[in-house]
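Below is one structure, written out as structure tokens; comments come after it.
Computed from the coordinates by the stated procedures, all read-outs in this text should not be read as laboratory data. As the structure is a prediction and not an experimental result, all values here were calculated from the model. Note that each Cβ is placed from the backbone with ideal geometry, even for glycine, and that neighbours are counted across all protein chains shown.
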Amino acid sequence: MMQRRLLLAACAAPVLVACGFKLRGAPDLAFRSLYVNAGEHSPVGNELKRNLAAIDSLSLITDSAQQKSADAVLDILSEAREKTVVGVNTSGQVTEFQLRSRLQFRLRTPQGKELIPATELLLNRDISFNESAVLAKEAEEGLMYRDMQSDIVQQLIRRLAAVKSL
């Protein structure tokens, strides 16, 4: 019985290795320096800067006076959080909300050549609502917004990695 398990494990190992699984590494960007033009109090901009600073092959320029020395400029045109009612019960009380996180950006060279034209990223999440647990639902809403923010930042970084030439 032990030999069968050992044989089965030995046969399964090459199949798992050959499936092509690979951890996602740091993105390979076409530019070596980047200036992120985002508001000082922008939650998405701040998280994006933290994520980009972790990429070893990228020099993140933070001083707006040195913007011209960057290979590329990422403009955060707008970011918004929205909350709309999508469900009510028979007595008219809210039972479900839809949370939206929206980001508009563009990537250009300091000379003005557009690498990525104005693009909008939009994420939606549905959240149930219960009047007897308002504080818990507010906390859950905050967590969902932070999760959507992280998703948008990751999508944005993948789009930056898709740019092949300046």
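Restrict the check to the stretch 36-56 and report whether at least one residue is touching a residue at least 40 places away in the same chain (Cβ under 8 Å), among the hydroxyl-bearing types (Ser, Thr, Tyr) and either within 14 Å of residue 160 (Cα to Cα) or surrounded by 12 or more Cβ atoms within 10 Å (Cβ to Cβ) (or both). No; the residues of the stretch 36-56 include none that is touching a residue at least 40 places away in the same chain (Cβ under 8 Å), among the hydroxyl-bearing types (Ser, Thr, Tyr) and either within 14 Å of residue 160 (Cα to Cα) or surrounded by 12 or more Cβ atoms within 10 Å (Cβ to Cβ) (or both).
Across the stretch 88-109, the number of residues qualifying as more than 24 Å from the chain's Cα centre (by Cα) and surrounded by 13 or more Cβ atoms within 10 Å (Cβ to Cβ) comes to 3. Filtering the stretch 147-166 to residues that are part of a helix (DSSP H, G or I) and in contact with an Asp or Glu (Cβ under 9 Å, 6 or more places away or on another chain) leaves 149, 150, 152, 153, 161. Could you grab me the full set of residues in the stretch 57-103 that are part of a strand (DSSP E or B) and in contact (Cβ under 8 Å) with a residue 60 or more places away in the chain? 72, 74, 81 - these are the residues of the stretch 57-103 that are part of a strand (DSSP E or B) and in contact (Cβ under 8 Å) with a residue 60 or more places away in the chain. Whenever a residue of the stretch 135-153 is in contact (Cβ under 8 Å) with a residue 12 or more places away in the chain and among the acidic types (Asp, Glu), its partners that are surrounded by 14 or more Cβ atoms within 10 Å (Cβ to Cβ) and not in a helix (DSSP H, G or I), lying with C-beta atoms within less than 7 angstrom and at least six residues away or across chains, give the pairs 140/127; 141/99; 141/127; 151/123.
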